[in-house]
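The values are calculated or read from the model by the stated rules, or taken from the named source; none is laboratory data. Model, not experiment: these values are computed from the prediction. Virtual Cβ from ideal backbone geometry, glycine too; neighbours counted across all protein chains shown. The accessibility values were calculated without ligands, DNA or RNA, using every heavy atom of the protein model including side chains. Shrake-Rupley method; radii C 1.70, N 1.55, O 1.52, S 1.80 Å.
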Amino acid sequence: MEQKAGEEADANLADEWGQALAEQGSAGAASDMAAEWATMIDEAEDDSSPEFAGADRILNQEEIDALLGFSLHEMSASGAGGIRAIVDSGVVSYERLPMLEIVFDRMVRLLSTSLRNFFSDNVEVQLDNITSVRFGDYLNSIPLPVQLAVFHAEGWEGSGLVTIESNLAYATLDLLLGGKRGTQGTRLDGRPFTTIEMQLVKRMVQIVLTDAETSFAPLSPVRFTVDRIETNPRFATITRPANAAILIELKLDMEGRGGTLQILLPFATIEPIRDLLLQSFMGEKLGRDAVWEGHLATEIWQADLEIQAVLHEMRLPLRRVMRLEVGDTLVFDAKPTDLVGLRCGDWRLTQGRVGRVDDKIAIQIARPLRHARTTLSAFEASVKGAKES
């Protein structure tokens, strides 16, 4: 009965709308509009079924992944999307610094030899990953117990962080204190690191930072000094939590035992050498290629240059220059025996005396060529400063 009463009410509503449209001058379409309204009411009744619950419908896993941006197909095809794209938008990718990976590849080769001499055992060092993280998120993700070495980069006016996980710390202590070869280091939970243990780990950190100095030396001289060793991540804050940083993960394997060593460099620390890290890798000398240098030197020797012989120079007011006419005479304050300057563009090369060879005017070099006292790097810096100003 209730359903029948509802259908009659819907039909009456459609008839009332049809009569209203007829009164407004659209009587011919009144029946059509009434039929359309009746059809819309019927469709609304069908949509109210449990299968089409509207906002109450539960999303499946594929729709949730598409919304959050964690879909494997979406990430592989077009990168991260959804919320993942918003979260990652504020982090600068390390791939914009191609030279950084080359520096740490060289550091891995140096560490393999340095740590082998330090432990008197075979040590395999592997560059696991280079990523960009937020400093606050990284500190919150560090598992305890852990040793954190805070170091200062002299020359860059910044700080960095070396993280030694517990497995690597105990393996280091076991090797240095005469543990058995080929067995995993004993881990004592619930006990903090002693002063002696922290000093032994500090010696390994100093070796790692020394090799890092050597790796960065071809790009920029720097000195890494250990400031302190912390066991609580809250006391190892070197920058604001929201700042981005570069995280370098190294895996150390010492015949079945070892762990992960991480180096964190805030972007503010490496900002002074950012332009150097942006350059492309050429050769094993980090940006210098002997073959290219030889080819460039050969082409320079064969290049043709235009040399100008300047007899005399004088400064005149612009008003007088504008009044010069054909037939005016300019008197040079120079004698026939005075030396003539030789220039190439804006650079003054040397001086000589004017003479004649057969039917041509010649200049005899009277002084040695002037050698530039400015290095190529200083010249590039001056040109860059002039453009910025």
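Quantify, in whole percent, the carbon and sulfur part of the accessible surface of region 245-361 (1.4 Å probe; protein heavy atoms only). Answer for region 245-361: carbon and sulfur cover 53 percent of the accessible area. Annotation for THR329 and GLU299: the two label points, set 7 Å from Cα along the Cα-Cβ direction, are 5.1 nm apart. Projecting label points 7 angstrom from Cα along Cα→Cβ for GLU154 and MET314 puts them 5.9 nm apart.
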